[in-house]
1. Inspect the stretch 577-586 for any residue being in contact with a strand residue (DSSP E or B) (Cβ under 9 Å, 6 or more places away or on another chain) and not hydrophobic (A, V, I, L, M, F, W, C) and give the result as yes or no.
2. State whether the residues of the stretch 482-494 include one that is assigned to a loop (DSSP other than H, G, I, E, B) and not polar (S, T, N, Q).
3. Scan the stretch 69-91 residue by residue and report those that are open to solvent by less than 10 Å² (accessible area, probe 1.4 Å), closer than 26 Å to Leu237 by Cβ and in a loop (DSSP other than H, G, I, E, B).
4. Among the residues of the stretch 733-751, is there at least one that is without any contact (Cβ under 8 Å) to a residue 12 or more places away in the chain, in a loop (DSSP other than H, G, I, E, B), among the small types (Gly, Ala, Ser) and out of contact with any Ser or Thr (no Cβ under 9 Å at 6 or more places or on another chain)?
5. What single numbered condition from (1) part of a loop (DSSP other than H, G, I, E, B); (2) touching a residue at least 12 places away in the same chain (Cβ under 8 Å) fails to hold for Gly242?
6. On the given criteria, is Thr775 hydroxyl-bearing (Ser, Thr, Tyr) and modelled with pLDDT of 95 or more?
7. Answer with yes or no whether Glu410 is of a type in the set (Asp, Glu), assigned to a helix (DSSP H, G or I), in contact with a strand residue (DSSP E or B) (Cβ under 8 Å, 6 or more places away or on another chain) and open to solvent by less than 10 Å² (accessible area, probe 1.4 Å).
Amino acid sequence: MKSYFIDLLFILLITSCSSKKSKQHEGLKLWYNKPALASIADHPNGWNNDPEWLKALPLGNGSLGVMVFGDVNKERIQLNEESMWSGSHDTNDNPDAYQYQDKIRQMLFEGEYKEATELTNKTQICKGSSSGRGNGATVPFGCFQTLGDLWLDFDKNDGYKNYLRELDLNEAVVRVRYTQDGVTFEREIFTSQPDQVMVARFTADKPGQISFNCSMTRPERFKTTTEDGQLILSGALSDGKGGDNLHYMTRLKAVNKNGKVTCNDSVLSIKNADEVVLLLAASTDYKMEYPNYKGRDYVNITRQNIEQASQKEFTNLLKAHTDEYSQYYSRVSFQLSHAEKDTIPTDQRVLQYKKTKNDPHLYELIFQYGRYLLICSSRPGTLPANLQGLWANKIHPPWNGDYHTDVNIEMNYWPAEVTNLSEMHLPMFDLIAALVEPGMQTARIQYQSKGWVVHPITNVWGYTSPGEDAAWGMHTGAPAWICQHIGEHFRFTNDTLFLKKMYPVLKGAVEFYMDWLVVHPETGKLVSGPAVSPENTFIAPDGSHCQISMGPTHDQQVIWQLFDDFAMISKVLNYENEFLAGVEKAKKQLAGTQIGPDGRLLEWAKEYHEAEPGHRHISHLFDVHPGSRINPIQTPELANAAEKSLTYRLENDKNYGAASIGWSAAWQISLNARLYRAEKALESLHLVLSQSVHPNLFGNCPPFQMDNNFGTTAGIAEMLLQSHVQNENGLHIIHLLSALPDMWGDGSVSGLKARGNVTVNLKWKDRSLEQVLLTPTTPKSFVVKYRNWQRVISPKTNKPIRLTIADFENPL
């Protein structure tokens, strides 16, 4: 009994930081003292950032995304729907490619890089227009597009005062308050996952003051109609072949208290109401089913969602929304600041950080904001977060707003497991599974191989062919990289039902590589190729700039990881057979990572100078992060070489490289953390916050890109907790405060996840660990490491395990 009360007291003590944190995080908000200006039009070029849109505040429920400007006299709420894609399914596989592959390999083995690169560019690219060179709005590849805009015209030009606009991360609610003509107005907006609608309430502190006109538009391909007092925006997007494909619909309804609501073909009007609640629902006829990708009953879905939501009180809608959202968001807390009141508007805080390079509150904010954005843009049953997450304000967003598999979609989901959002990871697995069938066609036609393949880009229409340029489009390591997430999800969750579901997907990727790999005539090792190191160029011995080689380090690393995960998963499921034996034999024969004469990791199988020494992609460091084979504990020589590679990249960034690209800097936070370079990890975080964050904290590539946000959150988590290394007995090593910088002297974090499905709470003071609370879900043993101390934990139940610094100093 005494032990029980001691344990209970300890749990209360260590979780007290969470309660203090929750009080502090009642103020964990993005907030501003001025609106984003709705009157300033977006730039017509999709590759240009729009400064006012990047001040608007994002909301999302996984399928419906909105950007709230908060303008006073004319409000703009920009709308997105997850499947709002132009284009259509197309056949881009090249049946002539296979006959040239052996010739290209021979040329590469003989050192004829220039000729091999030229032949690859002629013969190994896709048929057709592919991505439209990143401008795919009018070709079959298509692009993610804006759903349109909801405009609220208050028919005023008067001034205002006491303005406040905020996004409350605890509730996922945007609020706008201001005083105009002696009346205080308030708006509350959220996107509800339970009710599948956007809800916007407008109130005033005096009766009869709510009057405005609503209209909905988009740049093209729309019409507005009315039905049962609802304003409807609908249309069809181009299939890229001269016709229409995806159909969409948005419905808007007003529920008023007093006053009057009228609706004609283009305007919904509210006059002299005490309170108005706008309800907006949107859907398309998209369905993730190859090869038609159609079939959702979008008309009735939107009708039913509006009708059902309109029967509920605003307070009930809000409670259902916050209850559902907070079950995910509230799992993790993170505190570095001392609960001071946030008195600095977020845009000013970002500007101030450029000078100070130190803001504990901003570190907390950017960490939790990444978690918020992932919850908003990726829910079970939705499409995964794309390059822009869920938010795009153009007909043509940069790079089509698609799914890039050569780092970007992977980075989107790096924070999912460690920050306790495993459910948000599921849409990525749905996408991977949906690529199998079209990817089997590509493997068969393009390579005469079994299994399935995808290359560096894909979309919602099952695109799996190479790109239109082999220089970037021959990223044959893509299936292996995206499938790494399957193994990671299992390592964090211990979910064997998930493994059974995804096993055929994993096996199909393995089958492709078992056919694809060839023996290097000089080394006898298995190598991948012809292939690229993602988007990078080397200078061949003859002085030519080339991209194509055999056995680039990245391919070798991700294929090894795929084979290793397949072996692990097969054994967990008791699927051991001759095929597995062949895979394990091939894994041992794979060419490995090498160190060059200058002490850096080789990016290609031989030492070549980089055409861009500071290149943004650092793909040959995959085995440091997100992989785990290179680490200071088990492979110190390779870890040291990785450090030199990373340092060299940063020192040689001249333009648009490793130090100046948002997602690349974000990746470096994790890389430095994995190499235990705490101060360097913080420097990488400085790079992100100083040059790659917009006023609404959206990341910048440039232009705007969401992976920066997700990668930053993942990087901060890696600074606090790591569990990717296993000891000689196969036990996960849970490494506490693994890369804690000096500047983060006092703090706490709770709710992070370690591999093995262990929840971790930490509290530290003066850079020294004070208290640890570990909550396992299984009786499986693991190792806990802090600094040079470590001890084995063998839980008997899922009861929380308490540790203090004394437990590490005297590990029994």
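The values are calculated or read from the model by the stated rules, or taken from the named source; none is laboratory data. Please read all numbers here as calculations on a predicted model, not as lab measurements. Please note: Cβ atoms are built from the backbone with ideal geometry, for glycine as well, and neighbour counts cover all protein chains shown. These area figures cover heavy atoms from the full protein model, side chains too; ligands, DNA and RNA do not enter into them. Shrake-Rupley method; radii C 1.70, N 1.55, O 1.52, S 1.80 Å.
1. no
2. No: zero hits.
3. Phe69, Ser83, Met84, Ser86, Gly87
4. No, there is no match, as no residue in the stretch 733-751 is without any contact (Cβ under 8 Å) to a residue 12 or more places away in the chain, in a loop (DSSP other than H, G, I, E, B), among the small types (Gly, Ala, Ser) and out of contact with any Ser or Thr (no Cβ under 9 Å at 6 or more places or on another chain).
5. Against the list (1) part of a loop (DSSP other than H, G, I, E, B); (2) touching a residue at least 12 places away in the same chain (Cβ under 8 Å), Gly242 comes up short only on (2).
6. Against the criterion (hydroxyl-bearing (Ser, Thr, Tyr) and modelled with pLDDT of 95 or more), Thr775 qualifies.
7. Answer is no for this residue.
So that you can scan it fast, the table gives a plain yes or no per residue for (1) in contact with an Asp or Glu (Cβ under 7 Å, 6 or more places away or on another chain); (2) open to solvent by less than 50 Å² (accessible area, probe 1.4 Å); (3) aliphatic (A, V, I, L, M); (4) over 27 Å from Gln547 (Cα atoms):
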site	(1), (2), (3), (4)
Asn94	no, yes, no, no
Lys103	no, no, no, no
Gly132	no, yes, no, no
Gly159	no, no, no, yes
Asn162	no, no, no, yes
